[in-house]
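What follows is a single structure, and I will ask about it in a moment.
Every number here is computed from the coordinates shown, using simple stated rules; none is lab data. None of the values given here were measured: they were computed from a predicted structure. Cβ placement follows ideal geometry from the backbone for every residue including glycine, while neighbour counts extend to all protein chains displayed.
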Amino acid sequence: MILIVDDQRENILPLKKILELHGLQSDSAESGEEALLKILKKSYSLIILDVQMPGMDGFEVAEALSGSNRTKDIPVLFLSAINKEKKYIFKGYETGAVDYVTKPVDPDLLILKVKTFLKLYEQKNELRNIRDLLSKEVEIRKEAQENLEIKVAERTSELTQKNEELEMRNHELQQFSWVVSHDLKEPLRKIEMFTKILQERYLVEDEKATDYSNRTIRAAGRMSRLITDLLDYSRLSSNVVPEMVDLNRVVQEIITDFDFRVEQKKAVINVCDLPVVPGVPSQLRQVFQNLIGNSLKFSKPDVAPQIDVSYDRTGQKSFTAPADPEGQYCRITVKDNGIGFDEIYLDKIFVIFQSLNDRNQYEGTGIGLAIAKKITDKHNGLITASSKKGEGASFKVLLPLHNIN
């Protein structure tokens, strides 16, 4: 059951209808106080919460929920048409919300988010129930330890393995939630950016306006494919069938997507002829999107970024192995002339949520390179970097040219 909280009934009715069309049951409350009373009496799997309401506003409701052991795990999705400034969005996340969506919102995108958060909430509850069952079973086994030492030892080994599997699944769910909140926003940013350009610069139809509209549609399509692939990737038991991926096409699409930023910074991007490798297209696209995007982001002030993408082949799965024109691995380098970093932090940059730079100056969540590393690992590859502070950075990705079991 989903609870919709909004002081305007005309906002509640369309939402209830959208959810109903997708087979999702919903309840409603027209104030923060009414919502809290209903939450005390009923169990909800998701709360869609308006920000600005008379009396108790959305932030206060979210804080009250996060302060209770019974309700702190219920996912809260803020939906606001007025409070669109960053300070309100940041406050929404600080109060414990899983997402903050501003109106107008695409109904299909809203349903996708709702279903995703509902699935995560259900899986989290399942994990909690399994842990409780396992914990009880361990206690029972301990009570019988004197007479069943051998059997208890065997069972403990099985329970340890199950706990490790559960921890791994839980870790994947956490990773996935951050993928949803980070990497899926790039296509959304494209939609918003081109829509604003169309609104502000082109009042009548012309070729440029049509071109921007087409790009927006393509970006939305890529987002849909990305969601599908990431849902598969987030499940440990899923087997995503690889296909041959032309990295030339992947990199050129990325450069096209970044063309506004490239033009804005007067960047120069040189790309050599790249190989075709086995893999999942959307995942490999994420790797190089993060690397090229970082090169553009972490450029020096008043210095045009120069990015060189090159590759060679090697016969060994090693960055230090000599070049071999007949080798079974490709070693791709993305080099820039940006601000660089101190190599003593090399291990840190590939850890989730880690960032070496001031996030007020350089936008980001500190997850991009962690995702890039995870994807290269999944593709039986490697990723590393070399740099000196103030002298640019060089990221290397090593991938097999053929499927290797």
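Just rank Cys330, Cys272, fewest to most, by other beta-carbon atoms within 10 angstrom.
Cys272, Cys330
Indicate, rounded to the nearest 5 percent, the antiparallel portion of the DSSP beta bridges found entirely in segment 1-152.
Counting only bridges with both partners in segment 1-152, antiparallel ones make up about 0 percent.
Assuming R0 = 45 Å, can you tell me the calculated FRET efficiency for the pair Glu343 and Leu133, based on Cβ-Cβ distance, to the nearest 0.05?
Between Glu343 and Leu133 the formula returns 0.45.
I would also like to ask the following. Give Lys335/Lys388; Lys91/Lys265; Lys91/Lys373; Lys84/Lys119; Lys86/Lys374 a once-over and call out the pairs whose C-alpha atoms are over 24 Å from each other.
Numbers: Lys335/Lys388 12 Å; Lys91/Lys265 31 Å; Lys91/Lys373 30 Å; Lys84/Lys119 27 Å; Lys86/Lys374 30 Å.
In this structure, Lys91/Lys265; Lys91/Lys373; Lys84/Lys119; Lys86/Lys374 lie more than 24 Å apart at Cα.
If you don't mind, another one. Between Val105 and Lys208, what FRET efficiency follows from the Cβ-Cβ distance if R0 is 41 Å, with the result rounded to 0.05? Don't skip to the answer; put the middle values down first.
On the way: r = 27 Å, r/R0 = 0.66.
So, using R0 = 41 Å, E works out to roughly 0.95.
Once fully extended, how much extra length lies between Leu21 and Lys388, figured as 0.36 nm per residue of separation less the alpha-carbon to alpha-carbon distance?
Working: separation 367, 0.36 × 367 = 132.12 nm, distance 5.55 nm.
Between Leu21 and Lys388, full extension yields 126.6 nm more.
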